[in-house]
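The values are calculated or read from the model by the stated rules, or taken from the named source; none is laboratory data. Computed from a predicted model, the values in this text were never measured in an experiment. A quick note on method: Cβ atoms are made from the backbone with ideal geometry, for glycine too, and the neighbour counts reach across all protein chains shown. Note: accessible area is taken over every heavy atom of the protein model, side chains too, but ligands, DNA and RNA are not part of it. Shrake-Rupley method; radii C 1.70, N 1.55, O 1.52, S 1.80 Å.
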Amino acid sequence: MILTLTINPAIDRTVTVDKLVFEDRAYILDRAESAGGRGINASHVIHAFGGKTLALLTSGGEAGQRMEQSLAGMGFPFQAVHVGSESRINLTISDKQGLTVKLNEVGAPLEAAELRAIRDLVEALLGKARWLMICGSMQPGVPPHFYCELIELAKSHGVKTLLDTDGEALQHALEAKPSVISPNQPEAERLLGRALLTRNQFLEAVNRIRAMGPESVILKLGSRGAIGLSAEGAVFEALPPRVDVVCPIGSGDALAAAFVWSIDKGKTFAESLRWGVAAGTATAALPGIHFPTLRQTRAIYKQVEVRPAG
């Protein structure tokens, strides 16, 4: 089983408009609301691909109740740690040309007892898992080493980890040497303290990041695909086909999920990177925050080029 953990999930409100421009009106064409967060999105993709997954999350207040109602209709199992603070509500606005604005709440602090409950839940389930995907931001006040503790806990149970986060949480968690980290370009830039603009800089970045502790690195580059550095030191570049981007939100989550789904099935690092980029690309071609089926992803997979790099 692939466990996903989202300690700071949200209700994702999505509004689709005809055009996004400054100082002019836009007309709303569609609106939707669903449970969201990087780990929840990852479980959605893994389930759609026929994988076995369990989504772990926090849930609080009326927003948390609505989030759980949404999750109940998604088809995959979940377990929630109920907390005292209200769950987040995020807003995404996108237009027909693919321009997107995403506005996220930071989330409300968690109590020490609530963090212990999250840790205990993860520990109780690790015996049934092969992978733990630790996804998304942490609420203000959560100790920055919390993800580090979870990675070490997973290691003690022989469970591999993928870390998909940002900022202090990412910096501290690298010390625990996760199996894979999957930063996007802005996250990698913040981690390294420098801009990444060229292919050579991307290649240098994955090597520098791997030197910080993780076994493997996947640098997510949006429409330019991804660069992956395996535990064996091989570097691969995955180049997607051109598609009409409708809404890129969630593409990185789909990439990470498809990568873990594939590698858990025994596929190679390069082939799993190809599946990841295919899933991310297929997601970007869908309206709103929606995720592709395995069939939709396979059609893109056939067009993704993976080649050695470096």
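Filtered by the rule that a residue be under 17 Å from S230 (Cβ atoms) and open to solvent by less than 10 Å² (accessible area, probe 1.4 Å), the stretch 154-173 gives T161, L162, L163.
Across the stretch 90-122, the qualifying residues are those that are charged (D, E, K, R) and open to solvent by 20 Å² or more (accessible area, probe 1.4 Å), and the one among them that is modelled with the lowest pLDDT is K96. Residue check: is G228 crowded, with 19+ Cβ neighbours inside 10 Å and either aromatic (F, W, Y) or modelled with pLDDT of 95 or more (or both)? Taking the combined requirement at face value, the residue satisfies it.
Of the strands (runs of 3 or more DSSP E) lying entirely inside the stretch 3-68, the ones with 2 or more residues being open to solvent by 10 Å² or more (accessible area, probe 1.4 Å) and not charged (D, E, K, R) are found at 10-17, 28-36. For the stretch 253-284, what are the residues that are touching a strand residue (DSSP E or B) at 6+ places or on another chain (Cβ under 8 Å), more than 25 Å from L5 (Cβ to Cβ) and surrounded by 24 or more Cβ atoms within 10 Å (Cβ to Cβ)? Within the stretch 253-284, R274 is the sole residue that qualifies.
Of P287, P292, all but one fail to be crowded, with 24+ Cβ neighbours inside 10 Å and not β-branched (V, I, T); the exception is P292. Looking only at the stretch 99-111, decide whether some residue is without any contact (Cβ under 8 Å) to a residue 12 or more places away in the chain and not hydrophobic (A, V, I, L, M, F, W, C). Within the stretch 99-111 (the criterion being without any contact (Cβ under 8 Å) to a residue 12 or more places away in the chain and not hydrophobic (A, V, I, L, M, F, W, C)), the answer is no, since none of the residues qualifies. Can you spot a residue in the stretch 79-89 that is assigned to a helix (DSSP H, G or I) and either among the charged types (D, E, K, R) or surrounded by 15 or more Cβ atoms within 10 Å (Cβ to Cβ) (or both)? Within the stretch 79-89, not a single residue is assigned to a helix (DSSP H, G or I) and either among the charged types (D, E, K, R) or surrounded by 15 or more Cβ atoms within 10 Å (Cβ to Cβ) (or both). Here L221 meets each of (1) open to solvent by 40 Å² or more (accessible area, probe 1.4 Å); (2) of a type outside the set (S, T, N, Q); (3) more than 23 Å from G51 (Cβ to Cβ); (4) touching a residue at least 24 places away in the same chain (Cβ under 8 Å) with one exception, condition (1).
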